[in-house]
Amino acid sequence: MNYSIVVMFHEIHSSVWFNEVLVHLGKKYKFVNADQLYENIHSTGLCHITFDDGHRSFFENAYPVLYELQIPATLFVSPKVIEEETNYWFQSVRKLNNNDFHQYVCKKVSYRFSNPITDFSVYSILKSIPVKIILELIENYESENRIEEEPYMNITKEQLIELNNSGLVEIGSHTNNHPILINESDKVSELEIKDSIKMLEDMIGHNIDYFAFPNGQPGLDFGEREIRILNEIGIKLAFSTSSQKIYGKINNYMVPRIGISKGNNFYIDNKIRFAKQWSQLRSISHRNTEGKERKRLKSMLLLDQ
Ligand SMILES: [Zn+2]
């Protein structure tokens, strides 16, 4: 084997499935924690497990398995979400009536674009505007339609501290509001990174060394500006969602990760084997369509908003 991998999970609905995945990966790779990955980033045969967002299913279904198997992992969270017990914007959107909310969003933000946007998916549109606007849209839509906010669905502060104290789970930052950083002003992008790190450090009582970009596609979700900020403040590794294996030489601020959310061992082996080609092989997949849509929306954005 001439590569190492970083795997990315989000929600874990079955601890049985998660256990099987880890046992399977453990036959091929040596599991390492974030510091070991950082120190041996040019080595091969390593596997680092990561989780984004901090959905409560991490604590309920994934952590017990990690603990049982004594496999280290990094969990990337927003300290603001945890402190205020508010859901991420995309979690709120998931619960809304898609068609109706789509119409609402188009009506409210079409002025930002040079051409009609009704043919684009609501996620593509939202991922093309600043997060402050996204949060306002959700809040106004919910209050105009008398929709109750969904119950909190992520880990609590007590759970975060328990995970940190376990010695098995490294806590990393995932910004405060989960913006698409590239859509934000210099000031907001810097604040989202620096404030979230500071706030997390205060919550767990030690330095934060690792960061995961929200949404995480290089060039589409973050750029040189964010890498420069992370470098300046001494973050050791920043993780993207670019689906690739790690062959020795690597940019420490664009560590690729292979996303796993379902499937049997055969499916997962293939997803890892064809990591880079995976999205091309499945060119009609949701993600790919979204990428194309977002590039078109970006070219339609009117400046000076
Ligand atoms: Zn995320």
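How would F266, F274 line up from fewest to most surrounding beta-carbon atoms within 10 angstrom?
F266, F274
Got a sec? How would C106, C47 order by Cβ neighbour count within 10 Å, fewest to most?
Going from sparsest to densest Cβ surroundings: C106, C47.
Taking the Cβ of F211 as the center, what net charge do the other residues with Cβ under 12 Å away carry, scoring Lys and Arg +1 and Asp and Glu -1? Could the numbers behind the result be given before it?
On the way: positive: K194, K236; negative: D52, E170, E192, D209, E226.
Neighbour charge sum, excluding F211 itself: -3.
Read phi for every residue in region 67-81 and hand back ³J(HN,Hα) as whole Hz from Karplus 6.51 cos²θ - 1.76 cosθ + 1.60, θ = phi - 60°, with x for Gly and Pro.
5, 4, 8, 6, 10, x, 8, 10, 10, 9, 9, 9, x, 5, 4
Output the peptides 185-193, 252-260 sorted from most to least packed, where packing is the average of other Cβ atoms within 10 Å over each peptide's residues.
The densest-packed peptide leads the list: 252-260, 185-193.
Give the lysines whose C-alpha is closer than 30 Å to that of K271, dropping any in the same chain fewer than 8 places away, or say none.
The reachable lysines, counting only those whose Cα sits under 30 Å from K271, are K27, K28, K30, K95, K127, K236, K245, K249, K262, K292, K295, K298.
Based on alpha-carbon positions alone, could you give the equivalent ellipsoid semi-axes of the chain from the gyration tensor, as √(5λ), descending, whole Å?
With the √(5λ) rule applied to the chain, the semi-axes are 31, 22, 20 Å.
Could you sort the peptides 107-117, 59-69, 121-131 by per-residue average Cβ neighbour count (10 Å cutoff), highest mean leading?
121-131, 59-69, 107-117
Across region 89-144, what fraction of all alpha-carbon pairs, as a whole percent, falls in each successive 5 Å bin from zero upward?
4, 19, 38, 27, 10, 2
Need the full-extension length gain, I147 to V23, defined as separation in residues times 0.36 nm minus the C-alpha distance. One decimal, nm.
Gain on extension, I147 to V23, equals 40.4 nm.
So what is the 222 nm mean residue ellipticity for the chain from helices alone, if each DSSP H run of at least 4 adds -39500 (n - 2.57) and you divide by all residues, rounding to the nearest 500 deg cm²/dmol?
The helix-only estimate for the chain comes to -13000 deg cm²/dmol at 222 nm.
Taking amide H positions as placed 1.01 Å from N in the peptide plane, with prolines and chain starts having none, which residues 5 or more places from L237, or on another chain, fall under 5 Å of its amide H?
F211
Based solely on C-alpha atoms, express the radius of gyration and the Dmax of region 189-249 in angstrom.
12.4, 35
Using only alpha carbon pairs under 8 Å that are at least six residues apart, calculate the relative contact order of region 38-109 and give it in whole percent.
The normalised contact order for region 38-109 reaches 29 percent.
For the residues H24, H13, H206, H174, what sequence is obtained by ranking on other C-beta atoms within 10 Å, fewest first?
Fewest-to-most Cβ neighbours within 10 Å comes out as H206, H13, H24, H174.
Readers should treat all values here as calculations from the given coordinates under stated rules, not as data from a laboratory. Please read these numbers as outputs of a predicted model, since none were measured by experiment. All Cβ positions, glycine included, derive from the backbone under ideal geometry; neighbour counts span all protein chains shown.
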